[in-house]
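Asks: Take this structure, written in structure tokens, and hold onto it; I'll ask about it next.
Readers should treat all values here as calculations from the given coordinates under stated rules, not as data from a laboratory. All figures in this text were calculated on a predicted structure; none of them were measured in a lab. Don't worry about glycine lacking a Cβ; one is built from the backbone with ideal geometry, like all the others, and counts go over all protein chains shown.
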Amino acid sequence: MSGLTLQNVTKEFGTFTAVKNVDLTVPHGTFVCLLGPSGCGKTTLMRMIAGLDLPTDGAIRLDGADITRVPTHKRDLGMVFQSLALFPHLTVGENIAYSLRIRGVGKEDQKKRVDELLSMIHLSGYADRPVAKLSGGQRQRVAIARALAISPKLFLLDEPLSALDAKLREAMQVELRQLQQRLGITTIVVTHDQREAMTMADTVVVMNSGEIRQAAAPVEIYRRPADTFVADFIGMTNLIDFSADSAGRATVLGTVVENLAVPAGLSRGVLSVRPEDVHLTAPGHGAIDAKVTFVRDLGGTIETFVEGGGKQIVAVSMPNARPDVSVGQDVGIKLSSDACVVLKS
Ligand code: ATP
């Protein structure tokens, strides 16, 4: 198959297992983000894909060929790592042409390719500038162009945008995704930023303690997190404990909630309820009792914080459906059963 395949990839450092039995398929032309908290093994996995570390066990294939033990420079990769390592004494053009020059590409062809890449990263006319005179975002784009100069089969980026300020970072996320789609290049990015992963990726791979917890499209991760770790890490949801009786009737925050599809045999668990699916009503009539603690009006959306059964829950609404509530008011919470994801605790 074309693309990258990881099969049972494991990395041990002494007695510590940094990456455990990772199976992952990255189809040709897709964009994958490795996402997870610090120390979960993202960089270690990336280093094995890049050939900078050898797996203790397992196999890595690129377009069907086993590359597990192939050295980095023979893997046909473009890499951008956190420390950009642009050559400070060279110009933009010389930086981008670097790998072409060491591959013996002729001067004319180098220039043609550099011009092509500069236009692609919106820096036409910058070839003769010293890189020291570029802004952070411009340097980032030059690093990307330099990595793409040889038209690699696989494009690897480890926290490429982490040195940029929030606004530039968001703009670069869109730019990077658009560039990847235009080139159709198989791309893997390491990040610990959920929004960044959700913005760019076809597939988000959520890792914890060296293992993949879920690998799915962003919308799938958002709508159907595989477990409480994923739901909590993505962080855009309310996580609420529940208990269930033998008939599968759930008690949530002290109130029995009808129609919740609790799997047979599950006596307790956690509900993941997205803020836009929390509806505030009058107290009573089967609603969960709660009190409004804070209202945050962000213009485009309104977040209402309520406390019910000792737990803080957030409801989000659009300005045209603004809840008519104020801080301190008693309210009821209604959870529509089809909006709740039941997770094992
Ligand atoms: P971060 O987001 O902080 O960069 P990460 O998810 O990329 O974290 P890794 O750098 O892959 O995490 O590290 C995973 C685990 O493996 C960590 O506990 C780290 O301390 C350990 N580790 C990484 N490299 C080595 C090494 N060369 N020797 C021993 N342990 C290592």
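Asks: Skipping prolines and chain starts, which residues have an amide H placed within reach, meaning under 5 Å, of the one on Leu90, given they are 5 or more residues away or on another chain?
Replies: The answer is Val131.
Asks: Then there's this: Taking the convex hull of the Cα atoms, report for the stretch 161-243 its projected area averaged over all directions, in nm².
Replies: On the way: hull surface 26.5 nm².
The Cα convex hull of the stretch 161-243, projected and averaged over all directions, gives 6.6 nm².
Asks: Now a separate question. Radius of gyration and Dmax for the stretch 237-343's Cα atoms, expressed in Å?
Replies: 13.8, 45
Asks: Let me ask something else. Please report, largest first and rounded to whole Å, the three semi-axes of the ellipsoid equivalent to the chain, where each semi-axis is the square root of five times an eigenvalue of the C-alpha gyration tensor.
Replies: 47, 25, 14
Asks: Now a separate question. Net charge near Thr281, counting Lys/Arg +1 and Asp/Glu -1 over other residues with Cβ under 12 Å of its Cβ?
Replies: The answer is -2.
Asks: Here's a follow-up. Going by C-beta contacts inside 10 Å, put Glu116, Glu108, Glu175, Glu196 in order with the fewest on the left. Walk me through the numbers before you get to the answer.
Replies: Values: Glu116 14, Glu108 8, Glu175 18, Glu196 22.
Result, fewest neighbours first: Glu108, Glu116, Glu175, Glu196.
Asks: For the stretch 209-243 and the stretch 288-345, what is the separation of their Cα centres, given in Å?
Replies: 20
Asks: Further question: Ala50: net charge of surrounding residues, Cβ under 15 Å, Lys/Arg +1, Asp/Glu -1, itself excluded?
Replies: Combined, the nearby Lys, Arg, Asp and Glu give +4.
Asks: Still on this model: Tell me what the chain gives for mean residue ellipticity at 222 nm when only DSSP H runs of n ≥ 4 count, each as -39,500 (n - 2.57), the sum divided by the residue total, rounded to 500 deg cm²/dmol.
Replies: Computed mean residue ellipticity for the chain: -7500 deg cm²/dmol.
Asks: Would you mind checking Lys111/Lys153; Lys42/Lys334; Lys112/Lys167; Lys42/Lys344; Lys20/Lys167 for any pair whose Cα atoms are more than 29 angstrom apart?
Replies: Working: Lys111/Lys153 22 Å; Lys42/Lys334 39 Å; Lys112/Lys167 32 Å; Lys42/Lys344 25 Å; Lys20/Lys167 35 Å.
With Cα atoms farther than 29 Å apart: Lys42/Lys334; Lys112/Lys167; Lys20/Lys167.
Asks: Give, as a single signed number, the net charge of other residues whose beta carbon lies under 12 Å from the beta carbon of Phe87, with Lys and Arg counted +1 and Asp and Glu -1. It would help to have the intermediate numbers written out before the result.
Replies: Details: positive: Arg101, Arg139, Arg146; negative: Glu94.
Once all neighbours under 12 Å are counted, the net charge is +2.
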